[in-house]
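Below is one structure, written out as structure tokens; comments come after it.
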């Protein structure tokens, strides 16, 4: 015979079911929530700057003027997106300068590749010339044998790609708008969220929130330090190797390192293009391989584990596992958020362990 539930137990079961349904709805609406999630992450990172300006009281004679929060939010948002635009303006001129030069150097580069790899390919039974005429012939043969399939694939990718482009445009337009209103209403919004927590759990919840906030602040400081060190390293190393674009490529590689693979990949491509254009032999390509290989070792085994992992209490093995696990579960976004999410989970597990060690189940 089942035991009757008390009123408190019924209320607990009801609200657990309501919050479970709410989180399932959020998971279902994941693509729609992307700009809001991105804006919330940016708002968390930019809110200290807004608070600084909001509490700034410049004095004009005997008058003390308070900076309105709306103005402080506008200034911080404009400065942030201006910094992003500056980074884009650094990258685009380098690409505009190097891509036409690369197109002019492609025949000579293919001739070198043919002289180096052609004999080895012939030994393996592959008879193809790695020059413009040979590649055109190979492509034309493939197009003639499977032209219909390729055309169908192009049309399908165009449909999917067009939808994706429209989605990205909508996301990029929404993020600044959502970011502005989140920063404007940041503290009242946090107060409303805290007001939804059951009063018996409010003290423990606020303690966990403060601990998470401290860890995430340490993570951001550590990540900024990693970006600065890598920007200096790549700029100096490429300059020593004699690259003309050492400074912009090094800065790009270092500053974009917070996006896993993107900063490293973009910097590597730009450095390889510069090596092909600037050097007449393979010394430039070898220098790029050495510099970026050493940079990956420096970042993966020393900088990130020590400057980021130790600041949030994760050892190097935990950092590597977090990157792999979150990447497997959530893809690129998971890799991007692996370390801060691990910091949050670490705080939750620490409190859960403390509760477990105090429980009658453990001590009985």
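The values are calculated or read from the model by the stated rules, or taken from the named source; none is laboratory data. On a predicted model such as this, the values are computed, not experimentally measured, just so you know. Cβ atoms come from the backbone with ideal geometry, glycine included; neighbour counts cover every protein chain shown.
Which count do you get for residues in the range 274-297 that are surrounded by 16 or more Cβ atoms within 10 Å (Cβ to Cβ) and at pLDDT 85 or above?
5
For the range 190-212, name all the residues that are surrounded by 14 or more Cβ atoms within 10 Å (Cβ to Cβ) and out of contact with any helix residue (DSSP H, G or I) (no Cβ under 7 Å at 6 or more places or on another chain).
205, 209
Looking at 193, 202, 169 in this structure, which one is within 23 Å of residue 38 (Cβ to Cβ) and at pLDDT 80 or above?
On the way: 202 fails: within 23 Å of residue 38 (Cβ to Cβ); 169 fails: at pLDDT 80 or above.
It is 193.
What residue, among those in the range 239-273 that are modelled with pLDDT of 80 or more and more than 30 Å from residue 337 (Cα to Cα), is surrounded by the most Cβ atoms within 10 Å (Cβ to Cβ)?
243
For the structure I just gave you, tell me whether residue 243 is without any contact (Cβ under 8 Å) to a residue 60 or more places away in the chain and closer than 18 Å to residue 84 by Cα. Reasoning before the result, please.
On the way: without any contact (Cβ under 8 Å) to a residue 60 or more places away in the chain: yes; closer than 18 Å to residue 84 by Cα: no.
No, not satisfied.
I'm trying to understand the selection: among the residues of the range 182-206, which are under 30 Å from residue 70 (Cα atoms) and either in contact (Cβ under 8 Å) with a residue 40 or more places away in the chain or not in a helix (DSSP H, G or I) (or both)?
Matches in the range 182-206: 182, 183, 184, 185, 186, 196, 197.
Of the residues 74, 24, only one is in a helix (DSSP H, G or I), modelled with pLDDT of 80 or more and farther than 20 Å from residue 186 by Cα; which?
Numbers: 74 fails: farther than 20 Å from residue 186 by Cα.
Selected residue: 24, the only one of 74, 24 that is in a helix (DSSP H, G or I), modelled with pLDDT of 80 or more and farther than 20 Å from residue 186 by Cα.
Scan the range 218-229 residue by residue and report those that are within 17 Å of residue 48 (Cα to Cα) and without any contact (Cβ under 8 Å) to a residue 40 or more places away in the chain.
Residues of the range 218-229 that are within 17 Å of residue 48 (Cα to Cα), as a first pass: 218-224.
Selection gives 224 alone.
Of these, 178, 232, which one is free of Cβ contacts under 8 Å to residues at least 40 places away in the same chain and over 30 Å from residue 349 (Cβ atoms)? Walk me through how you get there before you give the answer.
Numbers: 178 fails: free of Cβ contacts under 8 Å to residues at least 40 places away in the same chain.
Result of the check over 178, 232: 232.
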